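Rule-based calculations on the coordinates, nothing more; no lab input. Everything numeric here is computed off the predicted structure, so don't read it as measured data. Cβ placement follows ideal geometry from the backbone for every residue including glycine, while neighbour counts extend to all protein chains displayed.
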Amino acid sequence: MPRYDVIVVGARCAGSPLAMLLAKRGAKVLLVDRATFPSDIPHGHFIHRQGPRLLKEWGLLDRIAAATPAVRNWLADFGDFPLVARDLVEDGVAWGYAPRRTILDKVLIDAAAGCGVEVREGFGVGEYVFEDGKCVGIRGGVKGGATVEEHATITVGADGRHSRLARVVEAPIYQASPAILCYYFSYWSGVESEDFELYVRPQQRRVIFSFRTEQNLFAVFSGMPVEELPAIRTDIDAAFMRSLDTVPDLADRVRAGRREERYYGASDLPNFYRKPFGPGWALVGDAGYHKDPYLALGISDAFHHAALLSSAIADGLDGRRALDEALADYEQQRNDTPAIDYEENLAAARFTPFPPRVMAVRAAIRNDPQESTRFVKARMGMIDPAEFFNPEHLQQLLGGVPV
Ligand SMILES: Cc1cc2nc3c(=O)[nH]c(=O)nc-3n(C[C@H](O)[C@H](O)[C@H](O)COP(=O)(O)OP(=O)(O)OC[C@H]3O[C@@H](n4cnc5c(N)ncnc54)[C@H](O)[C@@H]3O)c2cc1C
């Protein structure tokens with residue numbers, strides 16, 4: 001008998017919630033990561049959509065909210081005008097939170113350990129172990145220590161977009177599209193701003209988003225075409241500030257503040273789904289589904305998919321359903337839920353013009369704070385989208401023009 005029911009490789013926003021939820025369902029889980037915690041990674045950290053609600057459901061939102069301000073106000077400028085929505089709070093949960101990864105991932109891994117998961121930090125997995133074509137465990141260890149082998153009924157790669165497990169099992173890739181944008185970001189103090197600001201500049205092929213985070217810092221990101229990377233790298237600060245200059249008001253406010261950290265960047269950002277299961281293995285988070293960070297959905301998707309996979313594995317281990325059947329359902333559900341987001345994200349990263357109807361609705365609600373708030377709440381799934389996006393309401397907003 002294997003020593004563990006499940007081994008999870010990777011302990012950030014996909015792996016730790018998966019391990020925690022499996023332990024809550026009674027599974028014996030080993031969670032390993034070559035990193036130690038708290039630690040940062042050069043990724044963004046804005047959590048919205050279903051992310052805050054899941055953190056609340058898991059009893060972790062208070063710890064996040066204690067470390068970072070809730071993001072209640074939203075500004076989005078698609079090159080037309082800045083549309084502002086305020087008071088984005090529903091049932092005590094704000095639209096967004098932006099904890100640094102040092103806080104978020106530590107809260108998540110501690111929650112897993114608190115539920116009885118055996119956690120090994122600083123533990124790198126060098127190899128996966130197979131018997132008769134089935135993955136039966138891992139081989140690895142801590143730096144300078146002996147190599148150990150551990151066995152489990154199922155081994156999960158929550159090991160990020162370059163997943164070694166996905167490579168070893170040759171997980172098929174589908175709906176793939178190469179990287180479109182690269183991103184640079186840093187943190188400023190002393191910047192006057194809304195909680196969250198988004199600027200799309202299709203002509204210059206730039207997207208800029210920024211949000212408040214811990215210690216009253218203002219995080220500013222710029223997405224730029226990946227083919228410009230060699231030129232950007234020759235002088236990152238100049239390229240970044242040129243990008244900000246496409247929004248003169250924002251550039252002025254950022255220049256009035258002070259950059260407190262170096263620039264961080266990421267460029268290898270392909271878009272793909274991977275088949276997320278096979279004999280003795282499964283994938284979750286970026287390992288199984290990766291996309292350009294334009295819509296900032298990676299963390300909330302990782303949470304959601306961890307919840308789906310934990311149910312599938314727990315049902316399979318309990319004998320409620322055949323594990324293979326449960327995992328096939330996991331793949332289906334994982335693919336169904338973000339299908340629209342995936343296409344929309346690709347279109348946005350390619351700077352495809354927004355549909356005229358979207359622009360017309362924005363213009364119609366421009367001077368109406370209540371409608372602006374309802375629009376964003378509906379768009380972000382904080383209220384039933386049909387409360388705003390129903391034909392009668394849209395016709396009323398657009399002055400009787402049929403929609
Ligand atoms: C520039 C940028 C900006 C982004 N902005 C946002 C944003 O604002 N909001 C948002 O929701 N998402 C954002 N994302 C996406 C988000 O960061 C990812 O979707 C998310 O981190 C995926 O989590 P994960 O747990 O799947 O993988 P990761 O966070 O990559 O974690 C993988 C873990 O696996 C461990 N690991 C890997 N291999 C091994 C091994 N062999 N042995 C042991 N451990 C191993 C690593 O050490 C790591 O800790 C952004 C991404 C980028 C690049």
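Key figures for this structure:
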| quantity | calculated |
| --- | --- |
| For the chain, built as a Gaussian network whose Cα springs stay under 10 Å, the top-fluctuating residue of 22, 283, 317 | 317 |
| Estimated distance in nm for a label pair at residue 1 and residue 268, the labels positioned 7 Å out from Cα along Cα-to-Cβ | 4.1 nm |
| For the chain, alpha-carbon Rg relative to the globular expectation (2.2 N^0.38 Å, N residues) | 1.02 |
| Mean separation of Cα contacts under 8 Å (6+ apart) over length of the chain, as relative contact order % | 21 percent |
| Fewest-first sequence of 291, 275 by Cβ atoms within 10 Å of each Cβ | 275, 291 |
| Partners for residue 143 among aspartates and glutamates (Cα-Cα distance below 17 Å; same-chain residues under 8 apart left out) | 33, 121, 127 |
| Long pairs among 28/56; 28/377; 24/291, criterion Cα-Cα beyond 32 Å | 28/377 |
| Burial ordering of 352, 373, fewest other beta-carbon atoms within 10 Å first | 352, 373 |
| Average projection area in nm² (convex hull over Cα atoms of segment 156-212, one quarter of hull surface) | 6.8 nm² |
| Dipole of segment 181-266 [Lys/Arg +1, Asp/Glu -1 at C-beta], most positive-end residue of 232, 202, 221 | 232 |
| Likely footprinting exposure, 47, 383, fewest C-beta neighbours within 10 Å first | 383, 47 |
| Distance cut-off 24 Å, percentage of C-alpha pairs in segment 309-403 lying past it | 46 percent |
| Helical mean residue ellipticity (222 nm; -39500 (n - 2.57) per DSSP H run of 4+; nearest 500) of the chain | -10500 deg cm²/dmol |
| Between segment 1-42 and segment 118-195, the Cα center-to-center distance that results, in Å | 11 Å |
| Percentage of interatomic Cα-Cα distances in segment 57-178 larger than 23 Å | 58 percent |
| √(5λ) per eigenvalue of the Cα gyration tensor, segment 181-266, largest first, Å | 20, 14, 11 |
| Charge context of residue 68, other residues only, Cβ under 9 angstrom, K/R +1, D/E -1 | +1 |
| Selection from 16, 176, 188 lying farthest towards where the dipole of the chain points positive, charges on Cβ | 188 |
| Amide H partners (placed H, <5 Å) of residue 135, local residues excluded | 280, 281 |
| Karplus (6.51, -1.76, 1.60) ³J(HN,Hα), θ = phi - 60°, over segment 348-360, in Hz, Gly and Pro reported as x | 5, 5, 8, 6, 5, x, 5, x, x, 5, 4, 5, 5 |
| Cut-off under 5 Å, modelled amide H: who pairs with residue 383 long-range | 378 |
| Selected from 302, 326, 349 as most flexible by GNM, with the chain as the system and alpha-carbon contacts under 10 Å | 326 |
| Per-residue ³J(HN,Hα) for segment 286-295, Karplus 6.51 cos²θ - 1.76 cosθ + 1.60, θ = phi - 60°, Hz, x for Gly and Pro | 4, 4, x, 7, 10, 8, 3, x, 3, 8 |
| Note, ³J(HN,Hα) from phi for segment 36-47, Karplus 6.51, -1.76, 1.60, rounded to Hz, x at Gly and Pro | 10, 10, x, 7, 9, 9, x, 10, x, 8, 8, 10 |
| For the chain, share of DSSP beta bridges that run antiparallel, in % to the nearest 5 | 75 percent |
| Cα centre as origin, Lys/Arg/Asp/Glu Cβ charges: the chain dipole, Debye | 480 debye |
